[in-house]
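This report concerns only the one structure given below.
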Amino acid sequence: MKIILQQISVATLDPIQVIDITADVEHALEKAGIRDGLVTLISPHTTAHVNLNEREEMLQRDMVKYLSDLVPQRGDYLHNRAPVDGRDNAHAHLMGLFMNATETIPISGGKLMLGGWQSVFFIELDGPRSERRILAQFLGS
(Lines give C-alpha, C1' and ligand atoms only; values in the text may rest on other atoms or scores of the structure.)
Protein backbone atom coordinates (compact mmCIF):
# COMPACT_ATOMS: atom_id res chain seq x y z
CA MET A 1 0.00 0.00 0.00
CA LYS A 2 1.32 3.42 -0.98
CA ILE A 3 0.48 6.85 0.38
CA ILE A 4 1.45 9.70 -1.95
CA LEU A 5 0.82 13.42 -1.42
CA GLN A 6 0.79 15.80 -4.37
CA GLN A 7 -0.11 19.44 -4.83
CA ILE A 8 -2.16 21.02 -7.59
CA SER A 9 -1.87 24.80 -8.03
CA VAL A 10 -4.31 27.13 -9.72
CA ALA A 11 -4.54 30.87 -10.23
CA THR A 12 -7.97 32.47 -10.02
CA LEU A 13 -9.13 35.51 -11.94
CA ASP A 14 -12.61 36.26 -10.59
CA PRO A 15 -14.08 36.96 -7.14
CA ILE A 16 -16.13 33.74 -7.40
CA GLN A 17 -14.88 31.18 -9.88
CA VAL A 18 -15.67 27.54 -10.62
CA ILE A 19 -12.60 25.80 -12.09
CA ASP A 20 -12.65 22.28 -13.46
CA ILE A 21 -9.55 20.52 -12.10
CA THR A 22 -10.50 16.99 -13.20
CA ALA A 23 -7.65 16.77 -15.72
CA ASP A 24 -5.18 18.01 -13.07
CA VAL A 25 -6.35 15.32 -10.64
CA GLU A 26 -6.13 12.66 -13.37
CA HIS A 27 -2.59 13.80 -14.19
CA ALA A 28 -1.63 13.62 -10.49
CA LEU A 29 -3.15 10.12 -10.34
CA GLU A 30 -1.10 8.99 -13.33
CA LYS A 31 2.03 10.43 -11.72
CA ALA A 32 1.22 8.71 -8.40
CA GLY A 33 0.89 5.34 -10.15
CA ILE A 34 -2.04 4.20 -8.02
CA ARG A 35 -4.23 1.60 -9.76
CA ASP A 36 -6.74 0.88 -6.99
CA GLY A 37 -7.47 2.92 -3.89
CA LEU A 38 -8.67 6.40 -2.98
CA VAL A 39 -7.73 10.01 -3.48
CA THR A 40 -8.70 12.64 -0.95
CA LEU A 41 -8.59 16.21 -2.22
CA ILE A 42 -8.45 19.08 0.26
CA SER A 43 -8.41 22.81 -0.16
CA PRO A 44 -6.24 24.19 2.64
CA HIS A 45 -7.99 27.56 2.25
CA THR A 46 -10.97 28.82 4.26
CA THR A 47 -12.37 30.72 1.26
CA ALA A 48 -11.91 28.11 -1.46
CA HIS A 49 -13.34 24.61 -1.65
CA VAL A 50 -13.44 21.34 -3.59
CA ASN A 51 -16.67 20.06 -5.09
CA LEU A 52 -18.01 17.35 -7.40
CA ASN A 53 -20.64 18.53 -9.83
CA GLU A 54 -21.62 18.70 -13.48
CA ARG A 55 -19.46 20.58 -15.95
CA GLU A 56 -21.79 22.68 -18.06
CA GLU A 57 -21.10 26.35 -18.77
CA MET A 58 -24.58 27.68 -17.96
CA LEU A 59 -24.75 25.63 -14.76
CA GLN A 60 -21.39 27.02 -13.68
CA ARG A 61 -22.73 30.55 -14.27
CA ASP A 62 -25.80 29.62 -12.23
CA MET A 63 -23.53 28.41 -9.42
CA VAL A 64 -21.69 31.74 -9.30
CA LYS A 65 -24.96 33.72 -9.38
CA TYR A 66 -26.51 31.51 -6.69
CA LEU A 67 -23.55 31.99 -4.36
CA SER A 68 -23.48 35.75 -4.98
CA ASP A 69 -27.21 36.02 -4.28
CA LEU A 70 -27.02 33.75 -1.23
CA VAL A 71 -24.36 35.81 0.54
CA PRO A 72 -23.92 39.30 -0.96
CA GLN A 73 -20.40 40.70 -0.86
CA ARG A 74 -21.53 44.05 0.54
CA GLY A 75 -23.37 42.77 3.60
CA ASP A 76 -22.81 44.31 7.04
CA TYR A 77 -20.50 41.59 8.35
CA LEU A 78 -18.62 41.91 11.63
CA HIS A 79 -15.57 40.14 10.19
CA ASN A 80 -15.11 42.97 7.67
CA ARG A 81 -14.81 45.56 10.44
CA ALA A 82 -11.37 44.23 11.38
CA PRO A 83 -10.22 41.80 8.66
CA VAL A 84 -7.09 39.83 9.53
CA ASP A 85 -5.53 40.09 6.08
CA GLY A 86 -7.02 43.37 4.87
CA ARG A 87 -9.62 41.63 2.68
CA ASP A 88 -13.32 42.26 3.21
CA ASN A 89 -14.13 38.60 2.71
CA ALA A 90 -16.69 37.65 5.34
CA HIS A 91 -19.08 36.75 2.50
CA ALA A 92 -16.56 34.20 1.19
CA HIS A 93 -16.23 32.55 4.60
CA LEU A 94 -20.02 32.44 4.95
CA MET A 95 -20.46 30.87 1.49
CA GLY A 96 -17.94 28.25 2.56
CA LEU A 97 -20.33 27.06 5.27
CA PHE A 98 -22.28 25.34 2.48
CA MET A 99 -19.30 23.58 0.88
CA ASN A 100 -16.84 20.79 1.51
CA ALA A 101 -13.18 21.38 2.17
CA THR A 102 -12.52 17.79 1.03
CA GLU A 103 -13.74 15.20 -1.45
CA THR A 104 -12.72 11.54 -1.52
CA ILE A 105 -12.92 9.69 -4.83
CA PRO A 106 -12.43 5.94 -5.33
CA ILE A 107 -9.82 4.79 -7.87
CA SER A 108 -10.19 1.58 -9.85
CA GLY A 109 -7.97 0.40 -12.68
CA GLY A 110 -6.02 3.65 -12.54
CA LYS A 111 -9.16 5.76 -13.16
CA LEU A 112 -11.17 8.10 -10.98
CA MET A 113 -14.57 6.55 -10.26
CA LEU A 114 -16.65 9.60 -11.17
CA GLY A 115 -20.21 9.49 -12.43
CA GLY A 116 -20.87 10.17 -16.10
CA TRP A 117 -21.69 13.82 -15.46
CA GLN A 118 -19.28 14.46 -12.58
CA SER A 119 -16.21 16.66 -12.69
CA VAL A 120 -13.92 17.83 -9.91
CA PHE A 121 -14.13 21.56 -9.24
CA PHE A 122 -12.10 24.05 -7.29
CA ILE A 123 -14.46 26.79 -6.09
CA GLU A 124 -12.83 30.17 -5.48
CA LEU A 125 -14.89 32.43 -3.20
CA ASP A 126 -12.39 35.23 -2.53
CA GLY A 127 -10.49 35.91 -5.73
CA PRO A 128 -8.64 36.79 -7.63
CA ARG A 129 -5.65 34.98 -6.16
CA SER A 130 -2.32 34.39 -7.89
CA GLU A 131 -1.95 30.95 -6.34
CA ARG A 132 -4.32 28.55 -4.67
CA ARG A 133 -3.50 24.97 -3.74
CA ILE A 134 -5.31 21.68 -3.68
CA LEU A 135 -3.63 18.80 -1.87
CA ALA A 136 -4.21 15.34 -3.30
CA GLN A 137 -3.43 12.39 -1.04
CA PHE A 138 -3.50 9.05 -2.84
CA LEU A 139 -3.84 5.82 -0.87
CA GLY A 140 -3.67 2.48 -2.60
CA SER A 141 -1.64 0.11 -4.70
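Pairs linking a residue in segment 52-72 that is in contact (Cβ under 8 Å) with a residue 24 or more places away in the chain to a residue that is of a type in the set (D, E, K, R) and surrounded by 12 or more Cβ atoms within 10 Å (Cβ to Cβ), with Cβ atoms under 7 Å and 6 or more positions apart or on different chains, are 52/103; 55/20.
If only one of 23, 32, 90 is in contact with a Leu (Cβ under 8 Å, 6 or more places away or on another chain), at pLDDT 95 or above, on the phi < 0 side of the Ramachandran plot and of a type in the set (Gly, Ala, Ser), which one is it?
On the way: 23 fails: in contact with a Leu (Cβ under 8 Å, 6 or more places away or on another chain); 32 fails: in contact with a Leu (Cβ under 8 Å, 6 or more places away or on another chain).
Only one candidate qualifies: 90.
Do the conditions hold for residue 139, that is, is it over 17 Å from the mean Cα position of the chain (by Cα), hydrophobic (A, V, I, L, M, F, W, C) and either closer than 25 Å to residue 34 by Cβ or modelled with pLDDT of 95 or more (or both)? For residue 139, the condition - over 17 Å from the mean Cα position of the chain (by Cα), hydrophobic (A, V, I, L, M, F, W, C) and either closer than 25 Å to residue 34 by Cβ or modelled with pLDDT of 95 or more (or both) - is met.
Mind listing just one residue for me: the one in segment 112-129 that is among the charged types (D, E, K, R) and outside any loop (DSSP other than H, G, I, E, B) and, of those, surrounded by the most Cβ atoms within 10 Å (Cβ to Cβ)? Full working, then the answer.
Pass one, segment 112-129, residues among the charged types (D, E, K, R): 124, 126, 129.
From the residues that got through so far, the ones that are outside any loop (DSSP other than H, G, I, E, B) too are 124, 129.
Values: 124: 26, 129: 15.
It comes out as 124.
For the subset of segment 76-117 comprising residues that are of a type in the set (D, E, K, R) and within 15 Å of residue 138 (Cβ to Cβ), which member is farthest from the chain's Cα centre (by Cα)? Among those that are of a type in the set (D, E, K, R) and within 15 Å of residue 138 (Cβ to Cβ), it is 111.
The values are calculated or read from the model by the stated rules, or taken from the named source; none is laboratory data. Because the structure is a prediction, the values reported are computed rather than measured. All Cβ positions, glycine included, derive from the backbone under ideal geometry; neighbour counts span all protein chains shown.
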